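Visitor: Supplied in C-alpha cells, the structure appears directly below.
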Amino acid sequence: MGEHLLSWLTFAPTVGALLLLAARLLLAATEETIRRLALAVSLVPLGLCGPMLVTFDPATSGPQMVERIPWIRFFGFNVDYFVGVDGVSLWLVVLSALLVPVSIVISWRAIERHVLEFHIFLLLLETGVIGVFVALDMFLFFIFWEVMLVPMYFLIGIWGYERRIYAAVKFIIYTMVGSALMLAAIISLYYLNGGVTFDIPAIAGNVRAGRLVLDPRTERWLFWGFALAFLIKVPLFPFHTWLPDAHVEAPTAGSVILAGILLKMGGYGLLRFNLPLFPRATEEFAGLLGALAVISIIYGALVSLVQPDLKKLIAYSSVSHMGFVVLGIVARTEMGMQGAIFQMLSHGIATSALFMIAGILSERRHTRLIAEFGGLARPMPVFSALFGILALASAALPTLSGFVGEFLVLVGTYTSGLAPGRVYTVLAATAMILSAAYMLWTLERVLFGAITREENRHLPDVNARERLALVPMAVLVIVMGVLPNPILRRTDSAVLELQRAAPRTILVHWTPPAPRARERLALPGAEVLERR
C-alpha cells in the first residue's frame, strides 16, 4: 500500500461503491446498513491521509509519492497513469477526504429515498475530485474532471429541491462548455510540445527552460482555453450564475461537496496549469483577472446583504470569498498564493459547515427564509454557538481561519506590483466589512431577539450525530486561525516554485541613502519598478 498510497486513496471510494452495490444485491442490506457501510468506506481515504501527511516532505517543491504507469498508447497518444502530490494539492486532497464522511453523517436522516444510489454517487464523486488533485497527466486530469460531473448532476437532479432539474442542467451545461474549451487546449498543447507526452511537470519544465516557446497569439488562446474552464468552476464574475441555483436546489450533502471541494478545482487549475504553462499570458491578463476578482468579491458581498434565503446568502458569499482566491493567484507573490491556498481550505471548511447549519434548520422548519426564525439561541444554545463560530470564521474575524487567508491575499496583492494592485487591495478590503455586516445581521435575525414564531419555541438542539459533523469543523476553523504554520509550511516550497515559474512585477519600497539618489535592483525573473 505504501508504494501505491495515492491510488488507494483515490479509488477506495469506488471500491466502496461496488461494495455497497454488492451488499444490496447479494445480502439484501437494509438502508441503515447501507448508511453505516458508506460511512465506514468514506473513512478509509481520510485514514490514508495520515500516512500521506507523514510521508510528505515540506522541503521538496516537486511532486511526491509519484506513481507512473503507461496507460494509453494508441493513435499516437502517450497517456500515462501519472499521479502525485505537492504543496498545492496536498491539503485539497485532505479536505476532500474529510468532507465526504461529514456529508454522509449530516445526511443520515435527510435522505430517505434511493439511499443506496445516493451514497454510490457520493463515493464516485469523491474518486473524481481526489483524482483531479493528484493527476499529473493532462489527459488523466481531464478524465477525472469529467468523472466528477456526472455524480454531482444526479445528486442535484434527484435529491434536490423543487427546481432541481433546472439547477442540475444549468450546472452541467456551464461546466461542459468549460470542459470542451479545456480539452481543445490540452490537445493543442500536446501537439505543440511535439506530441510526446501529456506530463504536466515535463511540459512546465520545457516552458521554463525555453524548449517550448509559444507565439503570443497561440499562448493567449491556450491560456483562455484553460482559464475559462477554471473560472467557471471557481466561479468568477460573470461566470457565476449557475452557482446560486445549484446551491439552493442541491441537498445539504451536495452543497457541502460543491462549496467545499468542487469550487476549489477552479483555483487549483489556475495554479497547476495557467501560471506555469502560460507565464507571458498570465502576466498580460493578470490585471483583467484581478479586476474580475475584485468585482466578484464586492458583488458577492453586496448581493448577500439582501438575500432573504439563508442558503442563497451563503451561496453568494462563496462568490465573494472565492474572488479572494483568484486575486491571490494572479498577484503571483508568495503571500498572495499562500493566502489563496489557505483561503480555499478555510472556505471549504467554514462554508461547508454553514450549509450544514442551513440544512439543519431546513429539516426542522422546512423553510430557509431568515425572516421565519429569531430567538433560536434560547431553545438551541449549542447550535447557536456553532453557528456563531462558523459565521465569524466566514466573516474573517481575527484568530479564525478566514482572516489568515484573506489577510495574506490582501498583503500579497498590495506588494505585487499588479497594475492597480493597491486599488484592488483597498476595494477587496471593503468586502471584509460587508462580510461582517451580512454575517452579523444574519446571526442577529436568526439567533437573537424575541421568538416571533411559535414553531421556533421548542425546536430541538443539535443531536449527537449533528454535533459529530459540526464540532470538528468549528474546531478546525479555530485551530487554523491560531496555528496556520503547519499548513503554510507544507505549501511554501511548491508556492515558491510557482512564483519562480510565473514572471511578475514587484514593487520594492526603500529609502534612498541620499536626496534624489537612485538604485537599480536586480531580481531574477521579475521586473522591478524603480522608485525615488
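Visitor: So which residues in region 363-372 are open to solvent by 10 Å² or more (accessible area, probe 1.4 Å) and not acidic (Asp, Glu)?
Guide: Those that are open to solvent by 10 Å² or more (accessible area, probe 1.4 Å) and not acidic (Asp, Glu): ARG364, ARG365, HIS366, THR367, ARG368, LEU369, ALA371.
Visitor: Go through (1) out of contact with any Lys or Arg (no Cβ under 9 Å at 6 or more places or on another chain); (2) surrounded by fewer than 24 Cβ atoms within 10 Å (Cβ to Cβ) and name the single condition GLY157 misses.
Guide: Condition not satisfied by GLY157: (1).
Visitor: Continuing with this model, one more query. Which of the numbered conditions does TRP91 fail, given that it passes all the others? Conditions: (1) under 19 Å from the mean Cα position of the chain (by Cα); (2) open to solvent by less than 20 Å² (accessible area, probe 1.4 Å).
Guide: (2)
Visitor: Only residues that are over 21 Å from PRO486 (Cα atoms) and among the aliphatic types (A, V, I, L, M): list them for region 36-67, please.
Guide: Across region 36-67, the qualifying residues are LEU37, ALA38, LEU39, ALA40, VAL41, LEU43, VAL44, VAL66.
Visitor: Name the residues in region 202-227 that are touching a residue at least 40 places away in the same chain (Cβ under 8 Å) and surrounded by fewer than 18 Cβ atoms within 10 Å (Cβ to Cβ), would you?
Guide: ARG208, PRO216, ARG220, TRP224
Visitor: Can you find a residue that is acidic (Asp, Glu) and part of a loop (DSSP other than H, G, I, E, B) anywhere in region 239-249?
Guide: no
Visitor: Turning to a different aspect of this structure: Given the structure, is ILE173 in contact with a helix residue (DSSP H, G or I) (Cβ under 9 Å, 6 or more places away or on another chain), of a type in the set (Val, Ile, Thr) and within 28 Å of GLY84 (Cβ to Cβ)?
Guide: No.
Visitor: While we're looking at this one, here's another question. Looking at SER346 and the list (1) more than 20 Å from VAL482 (Cα to Cα); (2) assigned to a helix (DSSP H, G or I); (3) of a type in the set (Ser, Thr, Tyr), which single condition is not satisfied?
Guide: Failing condition for SER346: (1).
Visitor: Confirm whether PHE74 is closer than 30 Å to ILE186 by Cα and over 23 Å from the mean Cα position of the chain (by Cα).
Guide: yes
Visitor: Open to solvent by less than 20 Å² (accessible area, probe 1.4 Å), modelled with pLDDT of 90 or more and touching a Ser or Thr at 6+ places or on another chain (Cβ under 8 Å): does that describe LEU243?
Guide: no
Visitor: For ILE143, state whether it is open to solvent by 10 Å² or more (accessible area, probe 1.4 Å) and among the β-branched types (Val, Ile, Thr).
Guide: Here the answer is yes, as ILE143 does meet what is asked.
Visitor: So, one more: Quickly run through region 25-54 and pick out the residues that are open to solvent by 60 Å² or more (accessible area, probe 1.4 Å), under 20 Å from VAL105 (Cα atoms), out of contact with any Pro (no Cβ under 9 Å at 6 or more places or on another chain) and at pLDDT 90 or above.
Guide: Answer for region 25-54, where residues must be open to solvent by 60 Å² or more (accessible area, probe 1.4 Å), under 20 Å from VAL105 (Cα atoms), out of contact with any Pro (no Cβ under 9 Å at 6 or more places or on another chain) and at pLDDT 90 or above: THR33, ARG36.
Visitor: Next up: Starting from region 329-357, take each residue that is under 14 Å from VAL411 (Cβ atoms) and list its partners that are outside any helix (DSSP H, G or I) and open to solvent by less than 10 Å² (accessible area, probe 1.4 Å), counting only C-beta distances under 8 angstrom and pairs at least six apart or across chains.
Guide: ALA331/SER416; ARG332/SER416; ARG332/ALA502; THR333/SER416; GLY336/SER416
Visitor: Would you check if there is a residue in region 56-72 being assigned to a helix (DSSP H, G or I) and either open to solvent by less than 20 Å² (accessible area, probe 1.4 Å) or without any contact (Cβ under 8 Å) to a residue 12 or more places away in the chain (or both)?
Guide: No, there is no match, as no residue in region 56-72 is assigned to a helix (DSSP H, G or I) and either open to solvent by less than 20 Å² (accessible area, probe 1.4 Å) or without any contact (Cβ under 8 Å) to a residue 12 or more places away in the chain (or both).
Visitor: For VAL134, work out the one condition from (1) surrounded by fewer than 22 Cβ atoms within 10 Å (Cβ to Cβ); (2) at pLDDT 90 or above; (3) more than 17 Å from ALA17 (Cα to Cα) it doesn't fulfil.
Guide: Result: VAL134 passes all but (1).
Visitor: If you check LEU183, LEU228, which single one turns out to be in a helix (DSSP H, G or I), in contact with a Gly (Cβ under 8 Å, 6 or more places away or on another chain) and not β-branched (Val, Ile, Thr)?
Guide: Every option except LEU228 fails the conditions.
Visitor: Let me ask something else. Given the criterion in a helix (DSSP H, G or I), at pLDDT 90 or above and open to solvent by 10 Å² or more (accessible area, probe 1.4 Å), identify the matching residue among VAL303, VAL325.
Guide: VAL303
Visitor: Which members of region 16-39 meet the condition of being in a helix (DSSP H, G or I), hydrophobic (A, V, I, L, M, F, W, C) and free of Cβ contacts under 8 Å to residues at least 12 places away in the same chain?
Guide: LEU18, ALA22, LEU25, LEU26, LEU27
Visitor: Can you name the residue in region 276-293 that is closer than 17 Å to LYS233 by Cα and touching a helix residue (DSSP H, G or I) at 6+ places or on another chain (Cβ under 6 Å) and, of all such residues, is surrounded by the fewest Cβ atoms within 10 Å (Cβ to Cβ)?
Guide: LEU289
Visitor: Let me ask something else about it. Across region 413-447, what is the number of residues that are open to solvent by 10 Å² or more (accessible area, probe 1.4 Å) and under 30 Å from LEU369 (Cβ atoms)?
Guide: Counting residues in region 413-447 that are open to solvent by 10 Å² or more (accessible area, probe 1.4 Å) and under 30 Å from LEU369 (Cβ atoms) gives 11.
Visitor: Six or more apart or on different chains, Cβ atoms under 7 Å: show the pairs whose first residue is in region 299-316 and under 16 Å from THR367 (Cα atoms) and whose second is open to solvent by 10 Å² or more (accessible area, probe 1.4 Å) and not in a helix (DSSP H, G or I).
Guide: So the pair list comes out as PRO308/LEU369; ASP309/ARG368; ASP309/LEU369; LEU310/ARG368; LYS311/ARG368; LEU313/GLN307.
Visitor: Identify, please: which residue in region 395-407 is open to solvent by 10 Å² or more (accessible area, probe 1.4 Å) and assigned to a helix (DSSP H, G or I) and is, among those, nearest to LEU313 (Cα to Cα)?
Guide: PHE403
Visitor: Something else now. Please state which of the following conditions LEU410 fails to meet, knowing it meets all the rest: (1) hydrophobic (A, V, I, L, M, F, W, C); (2) open to solvent by 30 Å² or more (accessible area, probe 1.4 Å); (3) under 15 Å from SER320 (Cβ atoms); (4) touching a residue at least 12 places away in the same chain (Cβ under 8 Å).
Guide: Evaluating LEU410 over (1) hydrophobic (A, V, I, L, M, F, W, C); (2) open to solvent by 30 Å² or more (accessible area, probe 1.4 Å); (3) under 15 Å from SER320 (Cβ atoms); (4) touching a residue at least 12 places away in the same chain (Cβ under 8 Å) leaves (2) as the failure.
The values are calculated or read from the model by the stated rules, or taken from the named source; none is laboratory data. Fair warning: this is a prediction, and the values are worked out from it, not measured in the lab. Methodologically, a virtual Cβ is constructed for each residue, glycine included, from the backbone with ideal geometry; neighbour enumeration extends over all protein chains shown. Note: accessible area is taken over every heavy atom of the protein model, side chains too, but ligands, DNA and RNA are not part of it. Shrake-Rupley method; radii C 1.70, N 1.55, O 1.52, S 1.80 Å.
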